[in-house]
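Just below is one structure, and these are the notes that go with it.
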Amino acid sequence: MRMTHLYYGKAYAAMKELDVHPRQIPLLFILQKKEGMSQREICDEMKIKPPTVAVSIKRMEKAGLIEKMPDEKDQRVVRIYVTEKGKSLSKQIEKVVKESEAKVVEGFSEVEICLMKRFLKQMIANMEQEESKKE
């Protein structure tokens with residue numbers, strides 16, 4: 001818990017300097033990988049509710065990070081694309097994330113880092129398995 005608190009505190013401060021909310025970052029990265037997604041596809045991918053996505057999209061559009069365009073085949077569907085400003089910001093965010101990750105593993109050997117990643121993946125799998133039992 002302490003590690004998570006420290007890491008996100010530092011990350012939040014860095015993202016504030018870049019004038020982006022940390023919760024918008026996953027959406028930006030998803031759209032970088034697969035541009036032209038609909039709001040419904042984003043909700044499914046991120047496993048969050050439509051109103052949450054709608055608020056992020058609205059704010060990101062207002063900030064000039066993304067733009068909405070009607071689907072060429074179905075005018076009822078709106079597709080979302082990353083703007084040049086959004087792509088530039090994404091590169092800056094990636095740099096900050098890499099620097100943060102480097103700081104976190106500073107002093108660890110490659111073997112220790114690999115082991116830690118494996119342990120964390122197993123912990124995540126354990127928690128996801130527990131979560132799926134509840135559903």
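Scanning region 22-38 for residues that are part of a helix (DSSP H, G or I) and either crowded, with 16+ Cβ neighbours inside 10 Å or aromatic (Phe, Trp, Tyr) (or both) turns up Gln24, Ile25, Leu27, Leu28, Phe29, Ile30, Leu31.
What do you reckon, is Glu130 over 19 Å from the mean Cα position of the chain (by Cα), part of a helix (DSSP H, G or I) and among the charged types (D, E, K, R)?
Spelling it out, Glu130 is indeed over 19 Å from the mean Cα position of the chain (by Cα), part of a helix (DSSP H, G or I) and among the charged types (D, E, K, R).
Within region 60-79, can you find the residues that are out of contact with any Asp or Glu (no Cβ under 6 Å at 6 or more places or on another chain) and surrounded by 16 or more Cβ atoms within 10 Å (Cβ to Cβ)? Lay out the reasoning, then the answer.
Our first condition is that a residue be out of contact with any Asp or Glu (no Cβ under 6 Å at 6 or more places or on another chain); within region 60-79, this holds for 60-76, 78.
Listed by number, the residues that qualify are Met60, Ala63, Leu65, Ile66.
Checked against (1) of a type in the set (A, V, I, L, M); (2) touching a Pro at 6+ places or on another chain (Cβ under 7 Å); (3) free of Cβ contacts under 8 Å to residues at least 12 places away in the same chain, Val78 passes all but condition (3).
The rows are residues; the columns are (1) surrounded by 14 or more Cβ atoms within 10 Å (Cβ to Cβ); (2) modelled with pLDDT under 90; (3) within 20 Å of Arg76 (Cα to Cα); (4) of a type in the set (D, E, K, R).
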residue: Tyr8; (1), (2), (3), (4): no, yes, no, no
residue: Met15; (1), (2), (3), (4): yes, yes, no, no
residue: Val20; (1), (2), (3), (4): yes, yes, no, no
residue: Arg40; (1), (2), (3), (4): no, no, yes, yes
residue: Cys43; (1), (2), (3), (4): yes, no, yes, no
residue: Ala54; (1), (2), (3), (4): no, no, yes, no
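Within the option set Pro50, Pro26, Pro22, being touching a helix residue (DSSP H, G or I) at 6+ places or on another chain (Cβ under 7 Å) and more than 25 Å from Val97 (Cβ to Cβ) holds for one residue only, Pro50.
The values are calculated or read from the model by the stated rules, or taken from the named source; none is laboratory data. Since this is a predicted model, take the numbers as computed values, not measurements. When we count neighbours, we look across all protein chains shown, and the Cβ atoms used for this are built from the backbone with ideal geometry, even at glycine.
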